[in-house]
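Q: One structure coming up, written as structure tokens, with questions to follow.
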Amino acid sequence: MGRFHRAIGVVVFGSAVLGAVLLGVAVALTSPDARSRPTHGALFGIWKIAYATQAPSPRVMLAAFGLALLFAAGVAFLERRIGNRDRRSDLPHDLPLAPKVVMRETRGVYAGPVTVTVLIPAHNEESCIGQTIRSLQAQSHHPERIVVVADNCTDGTVAIASACGVDVFTTRGNEKKKAGALNQALVEILPDQGDNDLVMVMDADTTLDDGFLEAACRRMTDDRALMSVGGLFYGEEGKGLLGQFQRNEYTRYAREMKRRRGRVFVLTGTASMFRPRALRSVAAHRGSLLPGVSGDVYDTLALTEDNEVTLALKCLGGLMVSPAHCTVVTEVMPTWQALWAQRLRWQRGALENLGEYGVLPQTFRYWAQQLGIGYGVLALSSYLVLILLMVISLDSWVWFPFWLGLGIVFSIERVVSVWKGGWRARILSATLFPELFYAMFLNLVYVKGVLDISVGSQARWKHVVATPSGQSENSGSGRRHVEVSE
């Protein structure tokens, strides 16, 4: 298990830059044609700029397409091969949650009927906790127990939860945020749980779509080797244009999960269900096979506890899915500032988790994903910068039929991928450039996260309150986000 710490940012983004440079060199060596001379222009009337107005040669386009296809197919092939190897493993010391190991140990054992205990970690969530509880109570498969994990609450969260008729677990001296609160609750709950007494963890600002628990329990009943079921999340309505950007993003993610037949990237913190065996195994292997403190289910040093526990289960061989019928509606960030804080936390957390786990077969897909994001940042930034340079340095606009056709294909893909999101989603995607602006915003978050972790900036928490009116306030309650400082 490697610990890259600050070097993780350099490794990831440096590799992406190196890949872009190598591709650029390859194109430069194969593309020149002595008969085609570039068009010249002047930038701000000072610097001379040369533009190739011809489309890339068929050889270059074929090579670029082949490289992209080879990379995508290679990642998919290796991911599938690694997954199949883990599923077929019969080594309880190395992969104690591997399906073959679990199936052998539970063969012929009746663990009782399936029950569901829901844990809702909440810190000053009076504006949404009631709606979250009601969405659980309205499920076709009723949870046997709902526990609100009240963490240092100073508002009406506890009173509202009690009025709804659910249990309240109050943390004691917790200074380790959501992960610490869940660890305290699980210490009390897990010892009495059998293999079929499922534990679900969900955010206080999330509502389950009807049928979530029924579908999740059915999957757990049909496959006793299945260790966890994650939800597919969609954004709540409202919050204007920024909210629609996020809903489009979440719709595309859910579509990708369905195309992957539920194979999990991340067990989302919005709502995920676990077998007690899985949680106990993670706690038992902290400090040895896994990072963290022995006995803790959640690593309290991780910024993104859902991503970290996903890696933990994968490294133990656990089988996980995100079924198409397990959907939830979660909060979207109301302001650009709040979105920046949320996504910076996600990005920093993902990089730090990779730094803790190192290069393992189970983390291969996540390394490839981070490299892909890094290359995408370079590609989109270069594309927009070159368009800007052409606009301000040439006397007339030059139309490139090849790139225009490629842009049309890209636009069609953007619309098709959010089709289920409704007419607002389709119109926004069809306009293309607003979503490119949103993509650049996320790229800046990525770069900031890489820089912060590379220079050793320390993360500190802040909170955003989502009020019923959809406005936000910066104070000591609501969803937790992260900032970084030197």
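Each reported figure results from applying straightforward, stated rules to the coordinates on display, with no laboratory input. Only a predicted model underlies this, so the values are computations on that prediction, with no experimental measurement involved. Counting neighbours? That spans all protein chains shown, and the Cβs are built from the backbone with ideal geometry, glycine included.
Q: Just grab the label-to-label distance for Asp94 and Ala64, each label 7 Å out from Cα along the Cβ direction, in nm (one decimal).
A: In this crude spin-label approximation the distance works out to 4.2 nm.
Q: What order do you get for Arg348, Arg172 when you list them from fewest to most C-beta neighbours inside 10 Å?
A: On the way: Arg348 23, Arg172 6.
Least crowded to most crowded, the residues run Arg172, Arg348.
Q: Continuing with this model, one more query. On a straight-distance basis, which aspartates and glutamates could pair with Lys420 in a cross-link, Cα separation under 20 angstrom, same-chain partners fewer than 8 positions away excluded?
A: Leaving aside aspartates and glutamates fewer than 8 places away in the same chain, those within reach of Lys420 are Asp209, Asp210, Glu236, Glu237, Glu249, Glu256, Glu331, Glu435.
Q: What order do you get for His123, His325 when you list them from fewest to most C-beta neighbours inside 10 Å?
A: Neighbour counts put them in this order, fewest first: His325, His123.
Q: Right, another one. Taking all pairs of distinct Cα atoms, average 1/r, flip it, and tell me the Kirkwood hydrodynamic radius of the stretch 89-332 in Å to one decimal place.
A: The Cα-based Kirkwood calculation yields 18.2 Å.
Q: What lysines could a cross-link reach from Lys178, if we take a straight Cα to Cα line under 30 Å and drop same-chain neighbours fewer than 8 places away?
A: Once the sequence-local lysines are set aside, what remains near Lys178 is Lys239, Lys258, Lys314, Lys448, Lys462.
Q: Let me ask something else about it. Rank-order 399-410, 328-339, 194-205, 214-225 by packing density, defined as the average count of other C-beta atoms within 10 Å over each peptide's residues, highest first.
A: Listed from highest to lowest mean packing, they are 194-205, 328-339, 214-225, 399-410.
Q: Which ordering of Val166, Val25, Val60 is given by a fewest-first count of other beta-carbon atoms within 10 Å? Display every interim value, and only then the final one.
A: Details: Val166 19, Val25 10, Val60 16.
Sorted ascending by nearby Cβ count, the order is Val25, Val60, Val166.
Q: Pulled fully out, how much extra length does the chain show between Ala76 and Arg261, if you take 0.36 nm times their separation in residues and subtract their Cα-Cα distance? Intermediate results must be reported in sequence, preceding the final value.
A: Numbers: separation 185, 0.36 × 185 = 66.60 nm, distance 1.33 nm.
Fully extending the segment from Ala76 to Arg261 adds 65.3 nm.
Q: Excluding Glu126 itself, calculate the net charge of residues whose Cβ lies under 12 Å from the Cβ of Glu126, where each Lys or Arg counts +1 and each Asp or Glu counts -1.
A: -3
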